[in-house]
1. Inside the range 79-98, can you point out the residues that are over 10 Å from Ile24 (Cβ atoms) and among the small types (Gly, Ala, Ser)?
2. Do you know which residues across the range 109-121 are part of a helix (DSSP H, G or I) and free of Cβ contacts under 8 Å to residues at least 60 places away in the same chain?
3. Filter the range 122-141 down to the residues that are free of Cβ contacts under 8 Å to residues at least 40 places away in the same chain and surrounded by 12 or more Cβ atoms within 10 Å (Cβ to Cβ) and list them by number.
4. Out of Trp106, Trp145, report the one residue that is closer than 30 Å to Tyr43 by Cβ and part of a helix (DSSP H, G or I).
5. It is to be established whether one or more residues within the range 86-99 are among the basic types (Lys, Arg) and free of Cβ contacts under 8 Å to residues at least 24 places away in the same chain.
6. For the range 142-162, how many residues are farther than 22 Å from Leu39 by Cα and surrounded by 13 or more Cβ atoms within 10 Å (Cβ to Cβ)?
7. I'd like to check something: does the range 29-37 contain any residue that is buried (at least 18 other Cβ atoms within 10 Å of the Cβ), modelled with pLDDT under 85 and either closer than 30 Å to Ile110 by Cβ or in contact with a helix residue (DSSP H, G or I) (Cβ under 6 Å, 6 or more places away or on another chain) (or both)?
Amino acid sequence: MSMADSEWGDALTRPSGTASGAAIVLGVWVVALTVVNLLSGAYSPGFKVLWIGFIGGNHGVDLSYIAHDGSSFVLDDAVFGLLGIALLALGSMGMGKAVDGGVGVWARGIPQRPVVSSLFSSEGGASRTLASWLIVLGVTFYLYWSAVNTTWVDPGVYAVMIVFVAFGFGIHAMADAES
């Protein structure tokens, strides 16, 4: 029996709509951070992130940022931007296989999905409404704090945001499992 003929092989080679949607959202975020880093610096006012040092750790030497002089372009910007584009491409290809009509149909259906439709309606239950607002609160906190403080890569802000977002999606996943 070949991998393509087995059930688990099929699961590995055919992406899910959820995984593809996550790749698209993550890709958009990575591309947006790349643009912010190129235009004004995403580390802190006047400094841009060196993505490889920031993600890989500094190992005793701080290689996670440099001064942003408005014209500085480093290899890290290209690598991180290409990573975002690759995530968008993989998510789009996966969505093309997971959803009839592809990314366009998926994107137009977002307002009808429980995360968005539960924001102002308790039709799916009060827990779904709470879950949707936790997600909105987490994302809004990240965007507001980052814009006000002009730093888009603060691990403390990520730690706060991810609690709200993870609990929100977790509550939605539990509600999906119950129904």
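The values are calculated or read from the model by the stated rules, or taken from the named source; none is laboratory data. The structure presented is a predicted model; accordingly, all values stated were derived computationally and were not measured. We place every Cβ from the backbone using ideal geometry, glycine too, and count neighbours over all the protein chains shown.
1. Correct list: Gly81, Gly84, Ala86, Gly96, Ala98.
2. The answer is Gly109, Ile110, Pro111, Gln112, Val115, Val116, Ser117.
3. Residues satisfying the conditions are Thr129, Trp133, Leu134, Ile135, Val136, Leu137, Gly138, Val139, Thr140, Phe141.
4. Trp145
5. no
6. The qualifying residues number 2.
7. Scanning the range 29-37 turns up no residue that is buried (at least 18 other Cβ atoms within 10 Å of the Cβ), modelled with pLDDT under 85 and either closer than 30 Å to Ile110 by Cβ or in contact with a helix residue (DSSP H, G or I) (Cβ under 6 Å, 6 or more places away or on another chain) (or both).
Conditions (1) at pLDDT 95 or above; (2) not hydroxyl-bearing (Ser, Thr, Tyr), marked per residue:
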| site | (1), (2) |
| --- | --- |
| Phe73 | no, yes |
| Gly84 | yes, yes |
| Ser92 | no, no |
| Met95 | no, yes |
| Gly125 | no, yes |
| Ala131 | yes, yes |
